[in-house]
Amino acid sequence: MFSLEGQTALIVGIANDKSIAWGCARALRAQGARIAVTYLNDKAEPFVRPLAEEIGAEIFLPLDVRNETEMDTVFAEIGARWGRLDTVVHSIAFCPRDDLHGRVVDCSAEGFSLAMDISVHSFLRMIRRAEALMPAGGTCMTVSFAGATRVVEHYNVMGPVKAALESTVRYAAAELGPKGISVHALSPGPLATRAASGIAEFDELLDAAAERAPTHHLATIEDVGAYCAFLASREASNVTGGVHAIDGGYSIIG
């Protein structure tokens with residue numbers, strides 16, 4: 001069995017105990033990793049702090065990825081406290097509600113730009129800072145969805161955004177592979193997270209996915225966390241650039 005004993009991990013995107021990022025944080029900690037957790041703002045802090053305390057997070061700081069100062073502070077604290085970083089988990093996405101619920105062709109330039117900045121470019125900004133703390137290699141992960149490669153009703157503009165995210169994973173993996181830094185996208189099927197609840201008629205999507213998947217079970221945050229922990233391990237050091245479906249086979253059915 002692989003171990004993450006002594007490794008360090010930054011988890012970005014925990015909103016509550018239903019978050020994919022929370023499943024990842026728990027799994028990484030269970031395998032021995034030391035954890036840093038961020039929270040979006042003062043409103044989010046009371047929901048995230050008890051979870052960070054539950055897993056004994058050694059670093060707990062605010063991070064709005066649009067705020068360069070907060071981003072610098074998080075990575076500076078990791079450098080000062082640990083001297084290195086082994087794993088980054090980026091599990092955040094956002095699109096303004098009006099743009100998310102409208103047609104892709106009607107998406108505003110401002111909404112599209114904001115969705116791309118928070119959901120995609122912020123991952124690059126995190127990787128760039130993490131690179132300096134990964135002299136012996138490391139792992140950077142983000143979260144995608146099947147709507148990146150085919151049309152999923154009501155997923156709308158987040159489909160093109162996630163497609164850009166998956167392409168970003170491939171290019172970053174190619175660029176950082178020589179340094180021993182792997183880059184991945186975790187792609188669970190529909191999950192009942194707070195972020196997903198913003199998608200119109202999401203309950204119907206959950207039911208349809210469970211019926212369609214060969215296992216007839218939706219993925220759980222524990223499923224995603226287990227895969228995340230493996231990818232963070234040294235045993236997975238020669239795996240990179242992939243979009244990893246964790247969805248009961250949902251993505252293989254035509």
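The values are calculated or read from the model by the stated rules, or taken from the named source; none is laboratory data. All values derive from a computational prediction rather than experimental measurement. A quick note on method: Cβ atoms are made from the backbone with ideal geometry, for glycine too, and the neighbour counts reach across all protein chains shown. With ligands, DNA and RNA removed, areas are computed over all heavy atoms of the protein, side chains included. Shrake-Rupley method; radii C 1.70, N 1.55, O 1.52, S 1.80 Å.
The portion of the accessible surface of the chain made up by carbon and sulfur, rounded to a whole percent, is 54 (1.4 Å probe; DNA, RNA and ligands excluded).
Heavy-atom accessible area, probed at 1.4 angstrom with all protein chains present, ranks 154, 217 as 217, 154, highest first. Its Cα centre serving as origin, region 1-157 has a Cβ charge dipole (Lys and Arg +1, Asp and Glu -1) of approximately 380 debye. The dipole here belongs to region 104-254: it is taken about the Cα centre, uses +1 on the Cβ of Lys and Arg and -1 on the Cβ of Asp and Glu, and is about 740 debye.
Among the cysteines of the chain, those with no neighbouring cysteine Cβ under 4.7 Å are 95, 107, 140.
Note on residue 216 and residue 163: the model spin-label points, each 7 Å out from Cα along the C-beta direction, lie 3.4 nm apart. Restriction of the trypsin sites (Lys or Arg not before Pro) in region 92-147 to DSSP coil positions whose beta-carbon has at most 14 other beta-carbons within 10 angstrom yields 103. Once you have a ≥ b ≥ c as the square roots of the Cα gyration tensor eigenvalues for region 75-115, tell me rounded if a/c is under 1.5, and otherwise prolate or oblate according to whether a/b is larger than b/c. Prolate.
Here the mean projected area of the convex hull built on the C-alpha positions of the chain is 12.9 nm². Dimensions of region 1-81 based on its C-alpha atoms, expressed as ranges along the principal axes with the largest first, amount to 39, 29, 17 Å. Within region 41-109, the proportion of C-alpha pairs whose separation exceeds 18 Å stands at 57%.
Taking a 1.4 Å probe, which of 162, 43, 179 shows the most accessible area, and what order do the others take after it? Working shown, then result.
Values: 162 15, 43 170, 179 110 Å².
Final ranking, largest accessible area leading: 43, 179, 162.
Compute the distribution of all C-alpha to C-alpha distances in region 1-147, in bins of 10 Å from 0, and list the percent of pairs in each, rounded to whole numbers. P(r) for region 1-147, in whole percents per bin: 11, 41, 33, 12, 3.
State whether region 101-157 is rounded, prolate or oblate according to the following rule on the C-alpha gyration tensor (a ≥ b ≥ c being the square roots of its eigenvalues): a/c under 1.5 gives rounded; otherwise a/b larger than b/c gives prolate, and the remaining case gives oblate. Oblate. With R₀ fixed at 25 Å, the C-beta to C-beta distance from residue 70 to residue 109 puts the FRET efficiency at about 0.45. What whole-number distance in Å separates the alpha-carbon centres of region 103-122 and region 232-254? Centre-to-centre (Cα) distance: 26 Å.
Identify, among 143, 251, 32, the residue whose Cα sits farthest towards the positive end of the charge dipole of the chain, taking +1 on the Cβ of Lys and Arg and -1 on the Cβ of Asp and Glu, with the dipole about the Cα centre. The Cα lying farthest towards the positive end belongs to 32. Ordering 155, 189, 176 by the projection of their Cα atoms onto the charge dipole of the chain, which places +1 on the Cβ of Lys and Arg and -1 on the Cβ of Asp and Glu, puts 176 at the extreme positive end.
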